[in-house]
Amino acid sequence: MNLNDLSALAMDTLREPRATAERLLAQDVGMPTLWLALSLAAVLNALLVGVNMVLFPTANFPLPPIFLNPLVYAATMAAGLAFSIFVLTWVGGKMGGRARLEEVAVLLIWLQYLRLAAQVLLLVMTLLIPVLAIVATFAIAIYSFYLLLTFLDVAHRFGSLGKSALVIVFSFLGVIFALSMLLTLLGVTTPEMS
């Protein structure tokens, strides 16, 4: 695949997400390649955060200071994406989905690259037309969620965007519950509100 192929695939994803997801699944990409692609996506995202920090040094980034370290950010991004792949595959399977880990991985990793391209576009828009960038951010967020729903529906062979939405909701609730249990076991408490 070259850059023209990737551009065409990106446009196809935006126009015909269901058909594009099926094409991606038909590629039958192996896990070693997917792990490499996931790692590259995390590194590119960390580089983009670094560019943002250089271009907007006084901006209040919505991240704890430790995540402003590119290595920490890349590692956290990679771990979060990998965890999401596992959770969405497992929860979808419990709800009758038939996706394999590789199938969910190829689709979520591709979506991550699309998000990266969108973030670059938003960065340029922020420099040129900040007000338009704000509107575009909301539009991209909404359409990204639709793409995620569609891709999960195709991967799990549900035939229902509603069921895909439930997979996301249950995955989110499960992660919150697991993290709260882990933090409790580690003895972390929430600060008292005064």
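The values are calculated or read from the model by the stated rules, or taken from the named source; none is laboratory data. If you're wondering where the values come from, they're calculated on a predicted model, not measured in any experiment. We place every Cβ from the backbone using ideal geometry, glycine too, and count neighbours over all the protein chains shown. Each accessible area value is taken on the protein alone, full model and side chains, heavy atoms only, with ligands, DNA and RNA left out. Shrake-Rupley method; radii C 1.70, N 1.55, O 1.52, S 1.80 Å.
Here Gly50 meets each of (1) open to solvent by less than 60 Å² (accessible area, probe 1.4 Å); (2) under 20 Å from Ala155 (Cα atoms); (3) of a type in the set (Gly, Ala, Ser) with one exception, condition (2). Scanning the stretch 11-29 for residues that are at pLDDT 95 or above and open to solvent by less than 50 Å² (accessible area, probe 1.4 Å) yields Asp12, Thr13, Pro17, Ala19, Thr20, Ala21, Leu24, Leu25. Beta carbons closer than 7 Å, at least 6 apart along the sequence or on distinct chains, pair a first residue in the stretch 151-179 that is under 15 Å from Leu107 (Cα atoms) with a second that is in a helix (DSSP H, G or I) and among the acidic types (Asp, Glu) for Val154/Glu22; Ala155/Glu103; Ser164/Asp153. Here Tyr143 meets the list (1) without any contact (Cβ under 8 Å) to a residue 60 or more places away in the chain; (2) surrounded by 13 or more Cβ atoms within 10 Å (Cβ to Cβ); (3) part of a helix (DSSP H, G or I) almost entirely, failing just condition (1).
If we keep just the residues of the stretch 112-139 that are open to solvent by less than 50 Å² (accessible area, probe 1.4 Å) and without any contact (Cβ under 8 Å) to a residue 60 or more places away in the chain, which is nearest to Ala41 (Cα to Cα)?
Residue satisfying both the conditions and the ranking: Ala118.
Among residues of the stretch 90-108 that are modelled with pLDDT of 95 or more and open to solvent by 50 Å² or more (accessible area, probe 1.4 Å), those with a Cβ under 9 angstrom from a residue that is among the β-branched types (Val, Ile, Thr) and not in a helix (DSSP H, G or I), sequence gap 6+ or separate chain, pair up as Glu102/Val29.
Within the stretch 62-83, being at pLDDT 90 or above and surrounded by 14 or more Cβ atoms within 10 Å (Cβ to Cβ) holds for Ala74, Ala75, Met77, Ala78, Leu81, Ala82.
Looking only at the stretch 152-162, decide whether some residue is open to solvent by 80 Å² or more (accessible area, probe 1.4 Å) and charged (D, E, K, R). Yes, there is a match, as at least one residue in the stretch 152-162 is open to solvent by 80 Å² or more (accessible area, probe 1.4 Å) and charged (D, E, K, R).
Please verify whether Phe177 is of a type in the set (Phe, Trp, Tyr), modelled with pLDDT under 95 and either buried (at least 18 other Cβ atoms within 10 Å of the Cβ) or part of a helix (DSSP H, G or I) (or both), treating the condition exactly as stated. Lay out the reasoning, then the answer.
Values: of a type in the set (Phe, Trp, Tyr): yes; modelled with pLDDT under 95: yes; either buried (at least 18 other Cβ atoms within 10 Å of the Cβ) or part of a helix (DSSP H, G or I) (or both): yes.
So Phe177 passes the test.
The selection criterion, being surrounded by 12 or more Cβ atoms within 10 Å (Cβ to Cβ), under 19 Å from the mean Cα position of the chain (by Cα), without any contact (Cβ under 8 Å) to a residue 24 or more places away in the chain and over 20 Å from Leu107 (Cα atoms), does not hold for Leu40.
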